[in-house]
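Here the structure comes first, spelled out in structure tokens, and everything after it is commentary.
The values are calculated or read from the model by the stated rules, or taken from the named source; none is laboratory data. Keep in mind the model is a prediction, meaning the values are calculated, not measured. Reconstructed Cβ throughout: ideal geometry from the backbone, glycine too, with neighbour counts over all protein chains shown.
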2 protein chains.
Amino acid sequence: MSNKLYDQYKAQLSKISDVSHSIAVLHWDKETYIPKKGIQRRAQQIATLSGIAHEMAISKDLGNLLVQLNEGNSLTENEKKNVAQSLKLYQKITKLSKDHVIKLSKTTSKAFHAWHKAKEAEDYSIFAPHMKEVVSLKREEAEMLGYDDHPYDALLDAYEAGEKSANLDKLFADVKAQLVDFVQEIAAKDQVAHDFMDQSFDKDAQWDLGIDLLQQMGYDFDKGRQDIAPHPFTTNFSADDVRVTTRIDEKNIANMIWSCIHEGGHALYEQGLLNENYGLPAGSAISLGIHESQSRLWENNVGRSRAYWQANFSNLQARFPQMAEVDTEAFYKACNLVKPSFIRTESDELTYHFHIMIRYEIEKGLIEGSIDAKDLPEIWAQKYKSYLGIEVPNHKMGVLQDVHWSHGSIGYFPTYSLGSFYAAQFYAQAAKDIPDLEEQIAAGNMLGLLAWLRENIHQYGQLYTAEELCVKISGEPLNFQYFMDYARAKYGDIYGLSA
Amino acid sequence: MSNKLYDQYKAQLSKISDVSHSIAVLHWDKETYIPKKGIQRRAQQIATLSGIAHEMAISKDLGNLLVQLNEGNSLTENEKKNVAQSLKLYQKITKLSKDHVIKLSKTTSKAFHAWHKAKEAEDYSIFAPHMKEVVSLKREEAEMLGYDDHPYDALLDAYEAGEKSANLDKLFADVKAQLVDFVQEIAAKDQVAHDFMDQSFDKDAQWDLGIDLLQQMGYDFDKGRQDIAPHPFTTNFSADDVRVTTRIDEKNIANMIWSCIHEGGHALYEQGLLNENYGLPAGSAISLGIHESQSRLWENNVGRSRAYWQANFSNLQARFPQMAEVDTEAFYKACNLVKPSFIRTESDELTYHFHIMIRYEIEKGLIEGSIDAKDLPEIWAQKYKSYLGIEVPNHKMGVLQDVHWSHGSIGYFPTYSLGSFYAAQFYAQAAKDIPDLEEQIAAGNMLGLLAWLRENIHQYGQLYTAEELCVKISGEPLNFQYFMDYARAKYGDIYGLSA
């Protein structure tokens, strides 16, 4: 009997996934191929399907089924985990009133347009009242969802299930205690040469190089494709159709290269989920932080390593004759330039975390009520001065640079740092488990690493929580020390710091 | 009060359209960009959305709303027409039992695979039992739907609302009485030269020429795009997003040219519907026959005319140097080669109608029970011998060439001929209303014709039936004589027949 119920549950989740993946197709097309005038109706079509998917996800039938299954005892361990995860999600989304969902959707839609206008005008005051309203709704949301210690935890959980602000406080205390000083040590040294990066790079050759890099990583083009989009992203319609996009700027080859590897890392995770678990928690990524660990691991731990460019620099040189005189070591150093800057998405892999820390501190303050939305530009400027030592020139390059808050995404930013920190911890373990990992990479063989990721991470989906997975892999929960060790070894060498 | 109900009705239809257009996006992607292994889950996603759209379309709420609105009397004329059309459709689809819909879907899914296998193997016997089952279900369907005179009418109505087999019988009697003889007259004459068509034509240059031709027709690339697909088609996600696809074969430039113009004609119809009528009958094409009239008018009446190539041949020559020695008149004649052949989709615009007539006679016989599915190859061969004078070499080039029956599409084929016949009648009227139409076309100006089509046909959607529209435009219902007059004038000239 229970198996029949479990089959019903699987069928219902599969249908919900069909709708949500269809929404993803509509989005993908909107970002890649849609003709100019088709956008308006497309937004309406996406809204209609989203409404249908939401109704399916909160249906009483599904709720009853989940409760029944959860109370039964004829399920396998993995089946139990799936049901428990689904029930947790169901209870969470049904805690939000329909009124709230509609109000938030309307508010963020207006906030997004206001943010856009404010950014163009470099004037935060245009966005401020909308930000205030978004924060107020998100505070209400935290109360509806409930929490033990801090209201921020209720919001964080949507992006990083099980993560707590108490833990983030500790992590960012480590960042402050160790990384701020380390970056200052680097700043005192001579800057690495990077003028050869500021050239013009043929677009077609960039595209071809990107495809080569994806192929080398083991990205399966029978289960995906790359297209051009204004803001690179990865999307999946099943584990057998995982697509990446890239942007190509003739003046900025770095942008294409590491965005391509980054999205490729996300895509390998999705391609590594088991297609048989379509629609189930076991067939879905654990959290944004774990997702980001996969993109960052490939982008930074691999894609900005000396070994990686030992393998790939001759390909790059063959495609761009203007790089003929540059040597591999110089290129390796240039792609690891560390320099405080204003824009998060353009920052290096060390100072990046100051950008996140600032956003985290602000978000937490907004949600607990210790910061008022109207004061953000001043607080922003003050924190950038204090952590990065730079004076923010305007709101566009400051508090208005990111779209997230206008979407109501509060609690999202920390997952970016979590991603890098998990990546360092996972990569350290992979290097232990594969003694010649660096040699493999230097020889252009990335498949040993991919197999390790598949086996240790990808295949499980949500059968483990982020913390369980981290302990399973490395024997301990997330520990910032791995990142710091990686940073010290790599950048100490590049910048000639004493160990 | 009634207006509030009408708004509800519009909102419901708009939502149904959102879902059905989303399905169209999933299909479009499946035919253009999907990676190989993504196809299986995509089929499932399409099935799920189709089920949702169907549930919405047969919902009791919608039915009640339609009955209430139809009985009320505070609507405008156009609102009344919309409601009446929606109610008619609602009553029709709710006549089919859920059992039947599911059974048909399963049967045709198997039949399609069997057809594919049978075609590969050139062996109809593999497909025969499936065809028998499809026919049996379609006969049941005709009984469920109901009809006055002939069960075939019930099926025909799904593709060509209001059309009757009694009328088709008359049309095809005219085809037999006049067109068969005329084609024999042509066959007795010397064949036009066409060897210069059998060359290799650069693919990129073909693509560019196709884009030029679409642009010249007035196809709006801000509301659409062209992509490559194995079987060219047109699809629309709103009047503001209407996409065409084409196939490019280096060895067959004719294929690209007239397929491009044909799909362009379909697309102009969809782009000419009013976006404000999104989801309503007034925002939807009348019937397949009227749709096909738009593609055929552009493909044949325009795109195979002397004037058209006076405008465009120099562009073609500039793109294909191997055509430098060919003159416009020779090219015009070559693209109007008339020659009996086996494959419907590759036939000329005259013998094409024999292919349709044969399918129509067979379909009617299957549905009334006078023909048994197992006998199709013999009947097929006999009719091709009799109407086209050719011996069918195998089942693949005969009875298995078309996919339609395996999909359960019985009643569809006649709309292809109706399209050509309507096209001739409409074009004759356009030529009366625009005295210098031929000169405009010869000068490369197609926009006068497009404006005429927009004004007389496109803007109305289903506010008129096919017959009402035809009478409104030309003063009489569909009359085969227009096609025959067009054929005699054009081909009499090309082949030097006495008038």
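May I ask you to say which residue of A:Glu292, A:Glu329, A:Glu299 is assigned to a helix (DSSP H, G or I), away from chain B (no Cβ under 14 Å), touching a residue at least 60 places away in the same chain (Cβ under 8 Å) and among the acidic types (Asp, Glu)?
None of the other options fit; the residue is A:Glu292.
Any residue at all in the range B:322-336 that's within 17 Å of B:Tyr422 (Cα to Cα) and among the acidic types (Asp, Glu)?
no
Yes/no per residue for (1) touching a residue at least 24 places away in the same chain (Cβ under 8 Å); (2) under 30 Å from A:Gly444 (Cβ atoms); (3) in contact with a helix residue (DSSP H, G or I) (Cβ under 6 Å, 6 or more places away or on another chain):
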residue: A:Leu350; (1), (2), (3): yes, yes, yes
residue: A:Phe354; (1), (2), (3): yes, no, yes
residue: A:Arg359; (1), (2), (3): yes, no, no
residue: A:Gly365; (1), (2), (3): no, no, no
residue: A:Leu376; (1), (2), (3): yes, no, no
residue: A:Gln401; (1), (2), (3): yes, no, no
residue: A:Gly419; (1), (2), (3): yes, yes, yes
residue: A:Gln425; (1), (2), (3): yes, yes, yes
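Could you check the range B:18-41 and list, in sequence order, the residues that are more than 7 Å from chain A (Cβ to nearest Cβ) and touching a helix residue (DSSP H, G or I) at 6+ places or on another chain (Cβ under 7 Å)?
Once the filter is applied, which keeps residues that are more than 7 Å from chain A (Cβ to nearest Cβ) and touching a helix residue (DSSP H, G or I) at 6+ places or on another chain (Cβ under 7 Å), the range B:18-41 yields B:Ser20, B:Ile23, B:His27, B:Lys30, B:Ile39.
Report whether or not B:Gln85 is of a type in the set (S, T, N, Q), within 14 Å of chain A (Cβ to nearest Cβ) and either under 30 Å from A:Gln226 (Cβ atoms) or crowded, with 17+ Cβ neighbours inside 10 Å (or both).
No.
Of the residues B:Lys37, B:Lys60, which single one is free of Cβ contacts under 8 Å to residues at least 60 places away in the same chain, in contact with a Lys or Arg (Cβ under 8 Å, 6 or more places away or on another chain), farther than 22 Å from A:Ala47 by Cα and of a type outside the set (Asp, Glu)?
Within the list B:Lys37, B:Lys60, the selection yields B:Lys37.
Taking the condition over 22 Å from B:Val175 (Cβ atoms) and in a loop (DSSP other than H, G, I, E, B), does B:Pro377 pass?
Numbers: over 22 Å from B:Val175 (Cβ atoms): yes; in a loop (DSSP other than H, G, I, E, B): no.
No: the conditions fail for B:Pro377.
Please indicate, with yes or no, whether at least one residue in the range A:394-408 is crowded, with 18+ Cβ neighbours inside 10 Å and over 22 Å from the mean Cα position of the chain (by Cα).
yes
Residues being within 14 Å of another protein chain (Cβ to nearest Cβ) and either farther than 17 Å from B:Gly303 by Cα or modelled with pLDDT under 95 (or both): count how many of those fall in the range B:205-229.
Of the residues in that region, 10 qualify.
Would you mind finding the one in B:Leu75, B:Leu66, B:Leu49 that is over 20 Å from A:Ala53 (Cβ atoms), touching a residue at least 24 places away in the same chain (Cβ under 8 Å) and either within 14 Å of another protein chain (Cβ to nearest Cβ) or surrounded by 20 or more Cβ atoms within 10 Å (Cβ to Cβ) (or both)?
Among B:Leu75, B:Leu66, B:Leu49, only B:Leu66 is over 20 Å from A:Ala53 (Cβ atoms), touching a residue at least 24 places away in the same chain (Cβ under 8 Å) and either within 14 Å of another protein chain (Cβ to nearest Cβ) or surrounded by 20 or more Cβ atoms within 10 Å (Cβ to Cβ) (or both).
Restricting the search to the range A:332-353, which residues are modelled with pLDDT of 95 or more and assigned to a helix (DSSP H, G or I)?
Those that are modelled with pLDDT of 95 or more and assigned to a helix (DSSP H, G or I): A:Tyr332, A:Lys333, A:Ala334, A:Arg344, A:Tyr352, A:His353.
Does B:Gly265 satisfy the criteria of being outside any helix (DSSP H, G or I), within 22 Å of B:Ala466 (Cα to Cα) and either more than 14 Å from chain A (Cβ to nearest Cβ) or not hydroxyl-bearing (Ser, Thr, Tyr) (or both)?
No: the conditions fail for B:Gly265.
In the range B:236-262, what residues are crowded, with 22+ Cβ neighbours inside 10 Å, outside any loop (DSSP other than H, G, I, E, B) and within 14 Å of another protein chain (Cβ to nearest Cβ)?
Passing the criteria: B:Asn236, B:Phe237, B:Ser238, B:Asp241, B:Val242, B:Arg243, B:Val244.
For B:Ser136, state whether it is away from every other protein chain (no Cβ under 14 Å), in a loop (DSSP other than H, G, I, E, B) and not aliphatic (A, V, I, L, M).
In short, no.
Which residue, of A:Ala307, A:Ala285, is part of a loop (DSSP other than H, G, I, E, B) and in contact (Cβ under 8 Å) with a residue 12 or more places away in the chain?
So the residue among A:Ala307, A:Ala285 that is part of a loop (DSSP other than H, G, I, E, B) and in contact (Cβ under 8 Å) with a residue 12 or more places away in the chain is A:Ala285.
Report yes if some residue within the range B:44-54 is among the small types (Gly, Ala, Ser) and over 23 Å from B:Glu141 (Cβ atoms); otherwise report no.
no
Given the residues A:Leu437, A:Leu400, A:Leu447, which is the only one that is within 30 Å of A:Lys374 (Cβ to Cβ) and not charged (D, E, K, R)?
Numbers: A:Leu437 fails: within 30 Å of A:Lys374 (Cβ to Cβ); A:Leu447 fails: within 30 Å of A:Lys374 (Cβ to Cβ).
Step by step, each of A:Leu437, A:Leu400, A:Leu447 is checked, and only A:Leu400 is within 30 Å of A:Lys374 (Cβ to Cβ) and not charged (D, E, K, R).
Pick out the one residue from A:Leu273, A:Leu316 that is buried (at least 23 other Cβ atoms within 10 Å of the Cβ) and modelled with pLDDT of 95 or more. Break it down into steps so the answer makes sense when it comes.
Details: A:Leu316 fails: buried (at least 23 other Cβ atoms within 10 Å of the Cβ).
Sole residue among the options that is buried (at least 23 other Cβ atoms within 10 Å of the Cβ) and modelled with pLDDT of 95 or more: A:Leu273.
Do we have A:Leu280 as away from chain B (no Cβ under 12 Å), at negative phi, in contact (Cβ under 8 Å) with a residue 60 or more places away in the chain and touching a Phe, Trp or Tyr at 6+ places or on another chain (Cβ under 6 Å) here? Break it down stepwise before answering.
On the way: away from chain B (no Cβ under 12 Å): yes; at negative phi: yes; in contact (Cβ under 8 Å) with a residue 60 or more places away in the chain: yes; touching a Phe, Trp or Tyr at 6+ places or on another chain (Cβ under 6 Å): no.
The answer is no for A:Leu280.
What do you reckon, is A:Ala118 more than 25 Å from the chain's Cα centre (by Cα) and surrounded by 17 or more Cβ atoms within 10 Å (Cβ to Cβ)?
Details: more than 25 Å from the chain's Cα centre (by Cα): yes; surrounded by 17 or more Cβ atoms within 10 Å (Cβ to Cβ): yes.
When the stated conditions are applied, A:Ala118 passes them.
Considering B:Ala381, B:Ala324, B:Ala373, which residue is among the aliphatic types (A, V, I, L, M) and surrounded by fewer than 16 Cβ atoms within 10 Å (Cβ to Cβ)?
B:Ala324
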